[in-house]
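Before any comments, here is the structure.
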Amino acid sequence: MIPVDFGSSLLVALGAALVIVALASLSSGSRLRRLYGTDDGDDAGARANAAVLGGTGAFLLALAAAIAFEVPERLVAAGALGVTALGTIGLGWLVRYRDRRELLTTPDVSRERARRLGGAAMWAGTLLCLPLAGVLLGASESAVAIAALGGTAVAGLLIALAYR
C-alpha cells in the first residue's frame, strides 16, 4: 500500500484545484477570468492563463505521485528544480520577447514593464540552477537551502526592480 502523508495530500489538493480553476476559466463569461484580470472576450488570454495554471497543477500532481511512489529524494528534487527553472525561463522569454503580457498576473501592464518583468523571470529561473547544481553535485541540505534562499532573495529584488 502507498503511504499517504500530509505533504502529498496538500500537493494533490493544490494541483487538482489549479487544474479545475484552469478548466473553469476557459468558458466565456467566467468569473475566474475577471479574478486574474482577463477580459471576458479575451479567449487567447484566458487560454494562456489556463495553460500556465493547468501546467502548474499537473506539475504538482506529478510531484505528489513521485513522492507517493517513493522516487529517490535527490531525483525528485533535481526534477522539480529543473522543471521549475525551465518553466520560469520559458515564461519569462514569452513575456519578454514574444510580448505575451497576458501571461502576467498584472492586468494592462505596459510593454516596457512586461519586458522588464520577463527578463526578471528569466533571471529567477536561472537562479534556480544554483540549488539544482547543489542537488546534482551532492551538496549538503543546508548548502542547497542557502543557495535556494539566496536565489529567492535576489530574484525577489530583481522582480521588485522590474515592477517599479
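Each value in this text was obtained by applying a stated rule to the coordinates, not by laboratory testing. Quick caveat: nothing in here was measured; it's all calculated off a predicted structure. Don't worry about glycine lacking a Cβ; one is built from the backbone with ideal geometry, like all the others, and counts go over all protein chains shown.
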Formal net charge of residues neighbouring Leu104 (Cβ-Cβ distance under 12 Å; K, R +1; D, E -1):
+4
Relative contact order, percent, the range 73-163 [alpha-carbon distance under 8 Å, six or more residues apart]:
33
Can you tell me how much longer the chain between Ala139 and Ala58 gets when fully stretched, taken as 0.36 nm per residue apart minus their C-alpha distance, in nm with one decimal?
26.3 nm
Once amide H atoms are placed 1.01 Å from N in the peptide plane, what residues at a sequence separation of 5 or more from Asp39, or on another chain, have their amide H within under 5 Å of its amide H?
none
Suppose we take every Cα in the range 77-137 and form the convex hull; what volume per residue is that in Å³?
63
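Taking 41 Å as R0, compute the FRET efficiency from the Cβ-Cβ separation of Asp108 and Leu10 and round it to 0.05.
0.75
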Taking every other residue with Cβ under 15 Å from the Cβ of Asp39 and scoring Lys and Arg +1, Asp and Glu -1, one gets 0
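So what's the back-of-envelope 222 nm ellipticity for the chain, counting only DSSP H runs of four-plus at -39500 (n - 2.57) apiece and dividing by all residues, rounded to 500? If you can, show how the numbers build up before the last one.
Details: 7 runs with 123 residues, N = 164.
Here the helix-only value at 222 nm equals -25500 deg cm²/dmol.
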